[in-house]
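The values are calculated or read from the model by the stated rules, or taken from the named source; none is laboratory data. What you see is a predicted model, and the numbers here were worked out from it, not measured in a lab. A quick note on method: Cβ atoms are made from the backbone with ideal geometry, for glycine too, and the neighbour counts reach across all protein chains shown. The area values use the complete protein model at the heavy-atom level, side chains included, leaving out ligands, DNA and RNA. Shrake-Rupley method; radii C 1.70, N 1.55, O 1.52, S 1.80 Å.
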Amino acid sequence: MTAALSAELKNLLDSPVFVNIATIQPDGSPQVSPVWVKRDGDDVLISTTIGRRKEKNLRRDPRVTVLVQPFYSP
């Protein structure tokens with residue numbers, strides 16, 4: 001499932017932000033880790049390394065939760 005990013009979310013992702021990604025472990029429990037991201041249109045590119053738990057989880061089950069936290073508070 002894909003979603004179009006709103007202009008507000010695009011602006012947020014293009015600014016300094018903290019991003020945490022939650023994937024699903026083989027036993028069904030969550031695995032959460034901070035990641036670097038970039039935006040390419042409506043795609044959010046996630047930095048990872050092949051063989052890491054996050055990458056293995058995403059290959060097995062592509063469902064993911066993304067938590068974006070602004071670096072600066074208004």
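Side notes on the structure shown:
- Within the range 44-74, backbone nitrogen closer than 16 Å to the virtual label 7 Å beyond the Cα of Leu9 toward Cβ: 44-46, 63-70
- With every protein chain in place, the chain: carbon and sulfur % of accessible area (1.4 Å): 56
- Highest mean packing first, where packing is the average number of other Cβ atoms within 10 Å per residue, the peptides 13-22, 62-71 line up as 13-22, 62-71.
- Accessible area per residue for the chain is 77 Å², calculated with a 1.4 Å probe on protein heavy atoms, without ligands, DNA or RNA.
- At q = 0.11 Å⁻¹, base-10 log of I(q)/I(0) for the chain (Debye sum, equal scatterers on each alpha carbon): -0.29
- Along the range 60-66 the Karplus relation, 6.51 cos²θ - 1.76 cosθ + 1.60 evaluated at θ = phi - 60°, assigns HN-Hα couplings of 6, 8, x, 5, 8, 10, 10 Hz to successive residues, with x for each Gly and Pro.
- For the chain: relative contact order, % (alpha-carbon pairs under 8 angstrom, 6 or more apart): 38
- Net charge dipole size for the chain [Lys, Arg +1 and Asp, Glu -1 on Cβ; Debye, nearest 20]: 320
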